1. Kindly indicate the residue of the stretch 153-168 that is touching a residue at least 12 places away in the same chain (Cβ under 8 Å) and of a type outside the set (A, V, I, L, M, F, W, C) and also farthest from residue 106 (Cα to Cα) among those meeting that condition.
2. What number of residues within the stretch 116-152 satisfy the criterion of being touching a residue at least 40 places away in the same chain (Cβ under 8 Å), over 19 Å from residue 191 (Cα atoms) and among the β-branched types (Val, Ile, Thr)?
3. Here are some residues: 64, 103, 129, 140. Which one is basic (Lys, Arg), open to solvent by 30 Å² or more (accessible area, probe 1.4 Å) and not in a helix (DSSP H, G or I)?
4. Does the stretch 74-84 contain at least one residue that is assigned to a helix (DSSP H, G or I), open to solvent by less than 40 Å² (accessible area, probe 1.4 Å) and among the hydrophobic types (A, V, I, L, M, F, W, C)?
5. For the stretch 143-158, give me each residue that is under 30 Å from residue 44 (Cα atoms) and either of a type outside the set (A, V, I, L, M) or open to solvent by 70 Å² or more (accessible area, probe 1.4 Å) (or both).
6. Of everything in the stretch 106-126 that's among the charged types (D, E, K, R) and assigned to a loop (DSSP other than H, G, I, E, B), which residue is least open to solvent (accessible area, probe 1.4 Å)?
7. Give the residues of the stretch 40-79 that are among the aromatic types (Phe, Trp, Tyr) and within 12 Å of the ligand (Cβ to nearest atom), sorted by residue number.
8. Checking the conditions here, which among 132, 120 is over 22 Å from residue 192 (Cα atoms) and either more than 16 Å from the ligand (Cβ to nearest atom) or touching a strand residue (DSSP E or B) at 6+ places or on another chain (Cβ under 8 Å) (or both)?
Amino acid sequence: MAKKEIASTRQTTISAQPRTHQRAEEIQAYGTVSHGLPLELEEPVRLEMTEQLNLLLADTMTLRDLYKKSHWQVAGPTFYQLHLLFDKHYGEQVEIVDEIAERIQLLGGVSLAMAADIAETTRIERPPRGREEVPVQISRLLDAHQIIIGHCRQLSRRASELGDDGTNDLVVSDVLRANELQVWFLSEHLVDVPLVHAQDPGVRKAG
Ligand SMILES: [Fe+2]
């Protein structure tokens, strides 16, 4: 059908009825970038950066969900404190997810979004569905942070090399620094110090 005929068909079917259950071809394939954006960044640079940012996005979305799982399933005497801390970090990761995804879109790419795609892409180990004790919850969170932090250091250097200062700034200022701070707050919970009775200096072990 010629373009003119399609346009006229659409005009004649105007109706107050909602047209539900519609499907059509994608308007942009995953793994591609738009041409001709006035960003002064070449297409190969934007392709590499959006690919790397999608990996960072998948890991960040997984860490975000790991925080909510931990928030809901935490148990024990530190329940209240950790319940609140895990949710605070969850909220901060939600904001980071949005910043990474929108950076991918503004570079002309396509952001990952759905859980199934995230599960296929993330490098973070899948936890069991059931509940785990606090030291395990915190260890899993720290392992996830370590993957993200390592990737941030690599990605920020590469972005800088390629002249993508915006990505470098996002990765260092928003992702890396927030993750470093959250690691500090978590790791202090794995320090085994006495709660009530100070240790006798005579029995302190070396190391
Ligand atoms: Fe809650």
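The values are calculated or read from the model by the stated rules, or taken from the named source; none is laboratory data. On a predicted model such as this, the values are computed, not experimentally measured, just so you know. Every residue, glycine among them, receives a Cβ derived from its backbone with ideal geometry; neighbour counts consider all protein chains shown. Ligands, DNA and RNA are excluded from the accessible area calculation, which covers all protein heavy atoms including side chains. Shrake-Rupley method; radii C 1.70, N 1.55, O 1.52, S 1.80 Å.
1. Among residues in the stretch 153-168 that are touching a residue at least 12 places away in the same chain (Cβ under 8 Å) and of a type outside the set (A, V, I, L, M, F, W, C), the one farthest from residue 106 (Cα to Cα) is 153.
2. Looking only at that region, the number is 6.
3. On the way: 64 fails: not in a helix (DSSP H, G or I); 103 fails: not in a helix (DSSP H, G or I); 140 fails: not in a helix (DSSP H, G or I).
From the options 64, 103, 129, 140, the qualifying one is 129.
4. Yes, the stretch 74-84 contains at least one residue that is assigned to a helix (DSSP H, G or I), open to solvent by less than 40 Å² (accessible area, probe 1.4 Å) and among the hydrophobic types (A, V, I, L, M, F, W, C).
5. Initially, the stretch 143-158 is screened for residues under 30 Å from residue 44 (Cα atoms), giving 144-158.
The answer is 145, 146, 150, 151, 152, 153, 154, 156, 157, 158.
6. So in the stretch 106-126, the residues among the charged types (D, E, K, R) come out as 117, 120, 123, 125-126.
Going one step further and asking which of them are assigned to a loop (DSSP other than H, G, I, E, B), we end up with 123, 125-126.
Numbers: 123: 103, 125: 128, 126: 182 Å².
Only one residue fits best here, namely 123.
7. Listed by number, the residues that qualify are 67, 72.
8. Being over 22 Å from residue 192 (Cα atoms) and either more than 16 Å from the ligand (Cβ to nearest atom) or touching a strand residue (DSSP E or B) at 6+ places or on another chain (Cβ under 8 Å) (or both) holds for just one of 132, 120, which is 120.
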